[in-house]
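Below is one structure; the comments refer to it alone.
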Amino acid sequence: MQSYPSNSDYISRPPHPERLEGGLRIRGEFHKKSRQGKPLVSVITVVFNGGNTLEQTIQSVLNQTYDNIEYIIIDGGSTDGTLDILRKYDDRIAYWISEPDDGIYDAMNKGISVSSGALINLLNADDYLESAAVNLVANKYTELNHPSVIYGHAYAVDDIHSVRAKMFASSKYWLGMSINHQSMFVHEKIYNATGLFNTNYRFAADYDFLIRCFKNKVIFSRINGCLVNYRNAGISARDSKYRHEANLINRKYFGRLSGKRIAFIIFNFLWMPFKLNFRTLLYRTVGVRITRNAITMYKKLMYRS
């Protein structure tokens, strides 16, 4: 049986010689914890040279309508203006670290291991939360009163065409990353039970984690609203690498010839590339408004579950 990284693996790891750290914890000024009806929610942002968008991400967390939040930022040793931004918000961030890491999922695991919230959200450095997102999640968790993955829909933000399109989350995990990981709030006990992200994967460890959760019958509870905005400019070199790695993960769990496997191949290698290129063509021909409405209608039909 395959083992996955755990919190203890990261807690026992010695700090990198070049580590810098700061935030309210270091100043001895962070005292938040979970209370009855007010769970502590840890939001973790991993960043590397993300100075162009990081401040928007930070402000989206600090300006939440819910106040029992632990905000942690894990920087991979940035050489742009990222450190200046971290120091600017030093008295409002619970904890930040800057040191070289072994990729995005290593950084996420590191953030999870130093978090203390009941619920954990992973918010990328170029994404931002809707202002009431954490409040909606905290209320849902209080209502459920059970370890679960609470998730919602997301807005895909295309800065090139100035478009924000709604992405509908679904439980059709065999098709790929059917729930945007930035819109997932995972109970700490789930990471303890299923393990952290498999750092052998460089691009699609979130998909591996999603499948493991479903395979382990983790409870998923959906909020019917958008929780996060994530930047998605369409097909890129990274998208191609992500699809390749997700393909290996899908084959690992579903075999070579299962129905779920065939559906994954058709969806990711035929339909998705066609759809993304066709969307760009529509932007240029019929305009943003008509294209946006068409995308929203399509996703509402495609991802309903």
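Every residue in region 69-111 that is closer than 19 Å to Gln59 by Cβ and either aliphatic (A, V, I, L, M) or touching a Lys or Arg at 6+ places or on another chain (Cβ under 7 Å) (or both), please.
Residues satisfying the conditions are Ile69, Glu70, Ile72, Ile73, Ile74, Leu83, Ile85, Leu86, Ile93, Ala94, Tyr95.
Looking only at region 49-70, which residues are touching a Leu at 6+ places or on another chain (Cβ under 8 Å) and in a loop (DSSP other than H, G, I, E, B)?
Of everything in region 49-70, those that are touching a Leu at 6+ places or on another chain (Cβ under 8 Å) and in a loop (DSSP other than H, G, I, E, B) turn out to be Gln64, Asn68.
Which one of the conditions (1) in contact (Cβ under 8 Å) with a residue 40 or more places away in the chain; (2) out of contact with any Asp or Glu (no Cβ under 7 Å at 6 or more places or on another chain); (3) surrounded by fewer than 24 Cβ atoms within 10 Å (Cβ to Cβ); (4) among the hydroxyl-bearing types (Ser, Thr, Tyr) does Thr53 fail to meet, given that it meets all the rest?
Looking at each condition in turn, Thr53 falls short on (2).
Determine the pairs where a residue that is farther than 16 Å from Ile73 by Cα, located within region 18-42, has a partner that is surrounded by 14 or more Cβ atoms within 10 Å (Cβ to Cβ) and of a type in the set (Phe, Trp, Tyr) with Cβ atoms under 6 Å apart, the partner being 6 or more residues away or on another chain.
The qualifying pairs are Pro39/Tyr141.
Here is a check on your reading of the model: is Ile73 touching a residue at least 12 places away in the same chain (Cβ under 8 Å), outside any loop (DSSP other than H, G, I, E, B), in contact with a Ser or Thr (Cβ under 8 Å, 6 or more places away or on another chain) and surrounded by 22 or more Cβ atoms within 10 Å (Cβ to Cβ)? Spell out the reasoning first.
Values: touching a residue at least 12 places away in the same chain (Cβ under 8 Å): yes; outside any loop (DSSP other than H, G, I, E, B): yes; in contact with a Ser or Thr (Cβ under 8 Å, 6 or more places away or on another chain): yes; surrounded by 22 or more Cβ atoms within 10 Å (Cβ to Cβ): yes.
Answer is yes for this residue.
Can we say Ala165 is under 22 Å from Val46 (Cα atoms) and small (Gly, Ala, Ser)? I'd like the intermediate steps shown before the answer.
On the way: under 22 Å from Val46 (Cα atoms): no; small (Gly, Ala, Ser): yes.
Against the criterion (under 22 Å from Val46 (Cα atoms) and small (Gly, Ala, Ser)), Ala165 does not qualify.
Which condition breaks for Phe209 when tested against (1) in contact (Cβ under 8 Å) with a residue 40 or more places away in the chain; (2) crowded, with 17+ Cβ neighbours inside 10 Å; (3) farther than 20 Å from Glu143 by Cβ?
Phe209 satisfies every listed condition except (1).
Filter region 137-190 for residues that are in contact with a helix residue (DSSP H, G or I) (Cβ under 6 Å, 6 or more places away or on another chain) and either assigned to a helix (DSSP H, G or I) or without any contact (Cβ under 8 Å) to a residue 24 or more places away in the chain (or both) and give the result.
Tyr173, Trp174, Leu175, His181
Counting only residues that are surrounded by fewer than 12 Cβ atoms within 10 Å (Cβ to Cβ) and either in contact with a strand residue (DSSP E or B) (Cβ under 7 Å, 6 or more places away or on another chain) or among the basic types (Lys, Arg) (or both), which one in region 252-299 is modelled with the highest pLDDT?
Lys252
The values are calculated or read from the model by the stated rules, or taken from the named source; none is laboratory data. These numbers come from a predicted model, not from an experiment. Glycine gets a Cβ as well: all are built from the backbone with ideal geometry, and neighbour counts include every protein chain shown.
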